[in-house]
Amino acid sequence: MVGELIWLFFILSALQPVLKQRLLESSRRRLLAQIEKRRGSRVVLLVHRQETMSLLGFPIMRYIDIDDADEVMRACELTDPELPLDIVLHTPGGLALAALQIATAAHHHKGKVTVFVPHHAMFRRDAHRTLGG
């Protein structure tokens, strides 16, 4: 009996982070849909922050990488060229090449592009030179 309760506890503990993440993603999708409707635009969200997603609760830090750039570029390409594009960036930085690809994709979008940086979007000093600054 006690052994079964312990196993049940471990199973529920393992599922809790997954369920929490699904609820968070669902809430984000609803909010993004509301923003898109209100602004008449397509919203692309790139948020990297520490999340406690592992079983033991260790924080995982994410940075902009090529996969992120690919997703943002694909979102820009799939958006109607005349539809305004809102990009929300909240990131501790990452690869300069990925940031350059995101900037280039936004620059090539024919419609109005607005970039929101709610807290921070950092890049390394050498990335500044790469981006032409």
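Points worth noting:
- Spin-label model, Phe9/Lys112: points 7 Å from Cα along the beta carbon direction are separated by 5.7 nm.
- Residues with amide H under 5 Å from that of Ile64, placed H, sequence gap 5 or more: Gly93, Gly94, Leu95
- Surface calculation, 1.4 Å probe, protein heavy atoms: His107 sits at approximately 150 Å² accessible.
- Near the amide H of Val115, within less than 5 Å, lie the amide hydrogens of Ile87, all on another chain or at least 5 residues away, with H placed in the peptide plane.
The values are calculated or read from the model by the stated rules, or taken from the named source; none is laboratory data. Keep in mind that this is a model prediction, so the values were computed, not measured. For neighbour counting, all protein chains shown are included, and Cβ atoms are generated from backbone atoms with ideal geometry for every residue, glycine included. We work out accessible area using only protein heavy atoms, side chains counted, and drop any ligands, DNA or RNA first. Shrake-Rupley method; radii C 1.70, N 1.55, O 1.52, S 1.80 Å.
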